[in-house]
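First comes the structure, then the notes that go with it.
The values are calculated or read from the model by the stated rules, or taken from the named source; none is laboratory data. Bear in mind that the values here come from a model prediction, so they are computed numbers and not experimental data. So basically every Cβ, Gly included, is an ideal-geometry build from the backbone, and we count neighbours across all protein chains shown. Side chains included, ligands, DNA and RNA excluded: accessible areas come from the protein's heavy atoms. Shrake-Rupley method; radii C 1.70, N 1.55, O 1.52, S 1.80 Å.
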Amino acid sequence: MTNQNYINGKWCEAASKERFDVINPFTEKVIETVPRSGGEDVETAVASSQEAWEEWRFLPGGDMRDLLREVAIKSREHGEELAKIMTAEVGKPLIENSDEVEWIASCFEYYSELGRDQIGRVVAPMQEKQMSIVVHEPYGVVGCIVPWNYPLLLAAWKMAPALAAGNTCVIKPSELTPLSILRWVETCFDHFPSGVVNVVTGYGAEAGESMVTSAGTNVIAFTGSVETGTHIAILAAEQLKKTHFELGGNDALIVCADVDVEIAARGAFWAATLNCGQVCTSSERIYVEEEVSGDFIDAVVAQAEQAELGDPMGSTTDIGPMASAEQREKIEAKITGAKEQGAKLITGGKRPKQFERGYFFEPTVLSDMSSSMEMMRTESFGPVVPIQTVSSFDEAVRLANESQYGLGCSLYTNDLEKAFTAAREIKAGSFWINDPLTDNEAAPFGGMRKSGGGRELGIEGLNEFREAKHILIDYQVRRKDYWFPYDLEKGRKT
Ligand code: NAD
């Protein structure tokens, strides 16, 4: 592996020559080092993407399709290696990382066709012998700033539509997970013209802010926390730069009394603890109707006690370590706070004893939650299932909606009326009925309220990366009656 910045088709060190460590959260050992880049490196990458854009923007649709489809083919060919690199740097189980590679391939396949399907429309003219054509054009250089929990997927969800729409990209991976992106670009984008895709590694603000403030980036596509997103929004506003935000959440999951409690408990436990709960759409607030609350809690606890923690490379591991020591400390503090505010710890809540190293944390079930608790109001991002018993479906819907976020929401019910009432009333970009947390690249993904602005995936995701231009044609050169000289008394003359 090269493990350097990738700029204008070449591998290079940061201008400072400094590098930083990438840590394996299972072994707590350094896997590799990568360049610690800053503003100068970002500017070089952006300049190269600007230059590449001049040709890329006019690439014929068939050529674009072939290039993007090739990314999908190569991603699958290198799938095992890429999945193993993600497992080493993120800590989530290998099987989930293999799925992630398949999803990126599928995303590139989808946009390889969608990008050439339609680039605009023709609208009815307002005068004879005119045509009004609306074309969708790329913005230019897209700065993609991505987090660590799904390093390839969240880059792919930006890059595939951005490239398909005719933009070029500079990618800033998370400081925790730069290796998978570097290897992906090395193995799967080597058939691209130089400068169309550049990667600059570095710590958050050091490398990321320069992407936002650079006069050469036309769009900032960011996935990360609400806090960083807010900061980027302010910086971008100073330049009136277009932004696209996919931010944090505190998703609710409602369990109605009419469902099979065992199935709902399995679904809820998986949705809350998948990838150690480090999923933007993790179920973080569970509202269960009181008739089934006791049975539901018992079934969730059984799930937590059966879950296999271990080496993320292991074939039967359900839950690996958390991604970093910092993430584990954050969830420990959250659980302590919840207990102080009256939550009851039923199982978990500590570091497991069987591991000498690795940022492991036991899957944790909390009951007696109430909506005033900090954990029910802010993002937790850890393997916790906080359960609040509610007296009715209406109360659950009201509480689910009482949030500053609006990323996703899940519901278990067999009742069609409840399903659609909740789906229409609750503010969330994704609403899952009896199947939490699943995506479909042909349908939009994104957040309402503070969870974001804009959508990824689907035609909506493509439109984020192109802007409309109206081309008006009069196919007869003629004098117009609305030109000078004006004369109110004589009226319009031709
Ligand atoms: P983060 O906000 O700390 O960092 C995200 C990215 O921004 C990283 O690449 C980081 O280096 C960079 N960054 C940090 N400070 C910056 C700055 N001042 N200027 C520019 N870039 C900066 O988030 P994280 O810890 O990497 O990821 C976890 C968060 O991401 C959670 O809140 C999670 O909900 C959210 N997330 C959202 C989605 C979604 O699609 N809505 C998906 C995954 C994760």
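Where Rh is the Kirkwood radius over the Cα pairs of the chain, the temperature 10 °C and the viscosity 1.306 mPa s, what D in µm²/s does Stokes-Einstein return? Rounded, D is 66 µm²/s. With a Förster radius of 35 Å applied to the C-beta separation of S225 and M313, the computed FRET efficiency comes to 0.80. FRET efficiency for the pair N414 and Q306, taken as 1/(1 + (r/R0)^6) with r the Cβ-Cβ distance and R0 = 22 Å, rounds to 0.25. Take the alpha-carbon centre of the range 388-426, take the same for the range 3-56, and report the distance between them in whole Å. Comparing the Cα centres of the range 388-426 and the range 3-56, I get a distance of 44 Å. Among 206-216, 460-470, the peptide with the highest mean count of other Cβ atoms within 10 Å heads the list, and the full ranking is 206-216, 460-470. Element breakdown for the range 1-136 at a 1.4 angstrom probe: carbon and sulfur atoms account for 51% of the accessible area.
Volume per residue of the convex hull around the Cα atoms, evaluated for the range 171-228, comes out as 94 Å³.
For the range 119-171, the percent of C-alpha pairs falling in each 5 Å distance bin, counted from 0 to the bin holding the largest distance, reads 5, 18, 19, 14, 11, 9, 8, 7, 5, 3, 1, 0. Taken along the Cα-to-beta-carbon direction at a fixed 7 Å, the label points for S392 and E332 span 4.4 nm. For K469, a cut-off of 15 angstrom between C-alpha atoms picks up these aspartates and glutamates, skipping any fewer than 8 places away in its own chain: E137. Here, the range 452-494 is characterised by an Rg to Rh ratio of 1.41, where Rg is the alpha-carbon radius of gyration and Rh the Kirkwood radius.
Among the listed pairs K29/K450; K330/K418; K29/K172, those with a Cα-Cα distance over 30 Å are K29/K450; K330/K418. Give, to the nearest whole percent, the P(r) tail of the range 163-299 beyond 23 angstrom, counting all Cα pairs. Percent of Cα pairs beyond 23 Å in the range 163-299: 53.
If the chain linking R57 and Y203 were pulled fully straight, counting 0.36 nm for each residue of separation and taking away their Cα-Cα distance, it would gain 49.5 nm. Per residue, the chain exposes 43 Å² of solvent-accessible protein surface, assessed with a 1.4 angstrom probe and all protein chains in place. Centre-to-centre separation between the Cα atoms of the range 170-196 and those of the range 295-362: 33 Å. Considering only T201, V141, I181, the residue lying farthest towards the positive end of the dipole of the range 118-208 is V141, judged by Cα position with unit charges set on Cβ.
Tell me, rounded to the nearest percent, the portion of alpha carbon pairs in the range 251-433 spaced more than 20 Å apart. Here the long-distance tail beyond 20 Å is 49 percent of all Cα pairs in the range 251-433. Axis angle, to the nearest 10 degrees, between helix 290-306 and the longest C-alpha principal axis of the chain: 90 degrees. Rounded to the nearest 10 degrees, the inclination of helix 61-77 to the longest alpha-carbon principal axis of the chain is 20 degrees. With everything on Cα atoms, drop me the angle between helix 226-238 and the longest principal axis of the chain, reported from 0 to 90° to the nearest 10. It is inclined by approximately 20 degrees. The dipole here belongs to the range 238-352: it is taken about the Cα centre, uses +1 on the Cβ of Lys and Arg and -1 on the Cβ of Asp and Glu, and is about 640 debye. Computed in the context of the full set of protein chains, the accessible area of the range 251-433 at 1.4 Å probe radius has 45% of its extent on carbon or sulfur. Residues of the range 97-122 falling in the label zone of N440, defined by backbone nitrogen less than 19 Å from a point 7 Å along Cα to beta-carbon, are 103-115. Centre-to-centre, using Cα atoms only, the range 363-385 and the range 64-101 are separated by 32 Å. Protection proxy ranking for 114-124, 241-251, using the average of other Cβ atoms within 10 Å per residue and placing the highest first: 241-251, 114-124.
Here the label points at D258 and D298, each 7 Å from Cα along the C-beta direction, are separated by 2.4 nm in the simple model. Considering only the Cα atoms of the range 370-494, their convex hull presents on average a projected area of 15.7 nm². When Rg and the Kirkwood Rh are both derived from Cα coordinates, the Rg/Rh ratio for the range 1-68 amounts to 1.14.
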